[in-house]
Amino acid sequence: MRSPIGEAVWPKLSQPETKFDPDGVYETKLRLDNQSGKAFQSTLQEMLNEHHKQVCSERGKTVKAAPLPVTEVEDDGSPTGELEFKFKLKALAGKEGNKWEQRPKLVDAKGGSIDPNKVTVGSGSKICVGFEVIPYFTAAVGAGLSLRMKAVQVIDLVEYGGNEFDSFGFQQEEGYETSEEAESTTAHVEEDNGDF
């Protein structure tokens, strides 16, 4: 399946996150506006309902349904109407003794490949996610769906660690301005002081 176009939130698409899983997990949250978010959530909810019904039928009893991997966005405790969907992909798949590495394919707006070693997609990028819906059941959590990320199309790139000036919303103003000449003078003074 393909998600609607939305905003990447804390994407880990070039290097996997290893904080909670030493094998690493590629992940991103996708923030959608109210209209496209509700429509997307509704599609996933229908799939969850079908899966839940099937699990209940197979087990011969009612089991709980796990919540979808979606959260409502809040700003200072007030809902904004936006929704965030979580997509993940394990960096190492398979079972012990038969594991293989995998990563999401990254493509640009025209379908060209993005080298994850040269480009790091940051929060605020406009993306859409190609994914598989993976149904699961555990006694503790119930019947649920996870969204396994397979590919990400980057429509508008905000590179991680890029231009902090722009990302903080600063504007050019009249006033103090650093220059390469001033910096090199400072460097020479520091070097001279080091001799004492």
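Entry note, the chain: relative contact order of 25 percent, from Cα contacts under 8 Å with a spacing of 6+ residues.
Between Ala140 and Thr71, the contour length at 0.36 nm per residue exceeds the Cα-Cα span by 22.8 nm.
A 1.4 Å probe over all protein chains sorts Tyr160, Tyr26, Tyr176 by accessible area into Tyr176, Tyr160, Tyr26, starting with the largest.
First measure r as the distance between the Cβ atoms of Val63 and Asp21, then evaluate 1/(1 + (r/R0)^6) with R0 = 25 Å and state the FRET efficiency to the nearest 0.05. The partial results should precede the final answer.
Values: r = 26 Å, r/R0 = 1.04.
According to the calculation, E is roughly 0.45.
Taking label positions 7 Å along the Cα-Cβ direction at both Ile5 and Asn49, the computed distance is 3.0 nm, reported to one decimal. Rounded, prolate or oblate: which one fits region 1-126, using the alpha carbon gyration tensor with axes a ≥ b ≥ c (rounded when a/c is under 1.5, else prolate when a/b beats b/c, else oblate)? It is oblate, given that a/c is not under 1.5 and a/b is not larger than b/c.
Relative to the dominant Cα principal axis of the chain, helix 180-193 is inclined by about 70°. For Ser36 and Glu132, what does the FRET efficiency come to when R0 = 30 Å and r is the distance between their Cβ atoms, rounded to the nearest 0.05? Using R0 = 30 Å, I get an efficiency of 0.90. Rolling a 1.4 angstrom probe over the protein heavy atoms with all chains in place gives region 55-123 an accessible area of 67 Å² per residue. Secondary-structure-derived ellipticity at 222 nm for the chain, considering helices only, amounts to -7500 deg cm²/dmol, per-run term -39500 (n - 2.57) for DSSP H runs with n ≥ 4.
Nonpolar atom fraction for the chain, defined as the carbon and sulfur part of the 1.4 Å probe accessible area, stands at 49 percent. Could you tell me which of rounded, prolate or oblate describes region 73-158, using a ≥ b ≥ c as the square roots of the eigenvalues of the alpha-carbon gyration tensor, with rounded for a/c under 1.5 and, failing that, prolate when a/b is larger than b/c and oblate otherwise? Oblate.
Less than 5 angstrom separates the built amide H of Glu159 from those of Gly122, all sequence-distant by 5 or more or on a different chain.
The values are calculated or read from the model by the stated rules, or taken from the named source; none is laboratory data. It should be emphasised that the depicted structure is a prediction, and the values quoted were computed from it without experimental measurement. Methodologically, a virtual Cβ is constructed for each residue, glycine included, from the backbone with ideal geometry; neighbour enumeration extends over all protein chains shown. Ligands, DNA and RNA are stripped out before the accessible areas are found, and what is left, the full protein with its side chains, is counted by its heavy atoms. Shrake-Rupley method; radii C 1.70, N 1.55, O 1.52, S 1.80 Å.
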